[in-house]
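Only one structure is covered here, and it is reproduced in the block below.
The values are calculated or read from the model by the stated rules, or taken from the named source; none is laboratory data. Computed from a predicted model, the values in this text were never measured in an experiment. Note that we place each Cβ from the backbone using ideal geometry, even for glycine, and neighbour counts take in every protein chain shown.
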Amino acid sequence: MTCAWSCESVMFSFFTRLTSLRCSGRERAAPSGIRERVIRAATVLALLLPGLSLCVNAAESYAPAKNWVLPLFTKEGFRQMTARGTEARLVTAHEFEVIDLNLTVFSGDAAMRVDTILLSPAATFLPDTKTAHGDKSVRFIGEDIEASGTRWLYRHQAKKISLDGDVRVTFSAELKNLLQ
């Protein structure tokens, strides 16, 4: 939820109008209807003020989670993925900004074998779609491959990572018949 004004600016505007009707503690003649409008505005303000304070503090109400861990499981109950970070902040109901992301992907069966590990100093993680992306560096560690780069996107369903800058890939597997 975003809000264009703060309680302080609304209160300042209200009190500025209210004090313009008083000079040195004595009433002065106000144009017709002004006093009624000020009283009506004060009543509306009194009703809206609690909502305004919620609006102003909405962005601040989600404090970052420290040493954050989010395990994700398959329908059968096996561990599929674990997302960790030294700090995570909720951006929307389905999106986290994570500092020091450590995304560990498991086999999703009873063996609970680690399939891949993804490390990044700053990333956005979307648990519903099991995707992660970021502009800073990433390190992707698989059984036979290690890749690093910047401006990246990881899609778990496709088991695919896309790297767009400073890309480095190291294969550990034997590449037969590569130069034929």
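Data overview
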| read-out | value |
| --- | --- |
| Any hit, segment 88-97, residues being closer than 19 Å to Thr74 by Cβ and surrounded by 15 or more Cβ atoms within 10 Å (Cβ to Cβ) | no |
| Check on Ser120, among the polar types (S, T, N, Q) and modelled with pLDDT of 95 or more | yes |
| Sole exception among (1) surrounded by fewer than 15 Cβ atoms within 10 Å (Cβ to Cβ); (2) among the charged types (D, E, K, R); (3) assigned by TED's automatic domain parsing to the domain that holds Glu76 for Asp100, by number | (1) |
| Number of the exception - Gly85 against (1) crowded, with 16+ Cβ neighbours inside 10 Å; (2) in contact with a Pro (Cβ under 9 Å, 6 or more places away or on another chain); (3) closer than 18 Å to Asn67 by Cα | (2) |
| Selection within segment 149-180 - out of contact with any Leu (no Cβ under 9 Å at 6 or more places or on another chain) and either in a strand (DSSP E or B) or closer than 19 Å to Gln80 by Cβ (or both) | Arg155, Gln157, Ala158, Lys159, Gly165, Asp166, Val167, Arg168, Thr170, Phe171 |
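Matching residues to (1) within 19 Å of Ala65 (Cβ to Cβ); (2) of a type in the set (A, V, I, L, M, F, W, C); (3) free of Cβ contacts under 8 Å to residues at least 12 places away in the same chain:
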| position | (1), (2), (3) |
| --- | --- |
| Ile99 | yes, yes, no |
| Asp115 | no, no, no |
| Ala123 | yes, yes, no |
| Thr131 | no, no, no |
| Val138 | no, yes, no |
| Thr150 | no, no, no |
| Leu153 | no, yes, no |
| Phe171 | no, yes, no |
